[in-house]
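K.L.:
Structure below; questions to follow.
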Amino acid sequence: MMKPWLLLACSAFGLLASSASPACAPTGEGEGEGEGEECAQGLPPPSDPCLPACGNEQFVGQPCTRGGGECNEHIGRGAGFCTADFSDTTLAYCTRPCDADGDCGIGAVCTGDPEDPSAGRGCIPAACAAEGEGEGEGEGEGEGEGEGEGG
C-alpha cells in the first residue's frame with residue numbers, strides 16, 4: 001500500500017530547493033562497516049533498529065522527527081523529507097523521491113505502491129524495506145510452486 005507521506009514528499013520535492021551545506025554526513029564516509037559513525041549534533045536516535053544512525057551518503061535513513069526540520073537542508077541534493085511529516089508512521093527517517101534503486105544511494109532501495117504503479121516512489125533503507133516484505137495482504141499468493149511443467 002502506498003504510504004501517504006511518500007506521495008506528498010514526491011510532490012513537494014519539485015516545489016522546494018536548498019543549497020545548504022551538509023551537517024550530517026557520516027565521518028569516514030565510504031570506509032569501514034559503519035561502526036562508530038558520528039553524526040551531526042542534535043539528531044534524534046533512530047526510531048527503529050533497521051535505520052542507520054546517520055543515513056547513507058544521500059542521508060536516506062537519517063533519523064528525524066515530525067516538524068523537527070532535520071532533513072530540510074538535504075532538499076535538492078539528497079533525502080530532504082521526513083516520513084513523520086507526511087504520515088503517522090513510527091518509522092521516522094529522511095527520504096527522497098526516486099525512479100530506481102540507484103537514485104537512493106548505498107544500502108537503500110526505491111519503492112512504491114505495487115497496487116498503484118503510477119504513484120510516486122521514494123527511498124527507504126534496504127533493511128527497513130526487507131522488514132515489511134510479506135506482511136499483510138499478498139502473503140502466500142502461491143506464484144512459483146507447482147506452476148509450469150508437469151512432471
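Only the coordinates and a few stated rules stand behind these numbers; no lab work does. Computed from a predicted structure; not experimentally measured. Note that each Cβ is placed from the backbone with ideal geometry, even for glycine, and that neighbours are counted across all protein chains shown.
K.L.:
Could you tally the net charge around Pro125, taking each other residue with its Cβ under 10 Å from the Cβ of Pro125, Lys/Arg +1 and Asp/Glu -1?
P.N.:
Details: positive: none; negative: Asp48, Glu131.
Value of the local net charge: -2.
K.L.:
Leu51's amide H: which non-local residues (gap 5+, or another chain) put their own amide H closer than 5 Å, with H modeled 1.01 Å from N in plane and none for Pro or chain starts?
P.N.:
none
K.L.:
Direction-averaged shadow area of the convex hull around the Cα atoms of the stretch 41-115, nm²?
P.N.:
5.2
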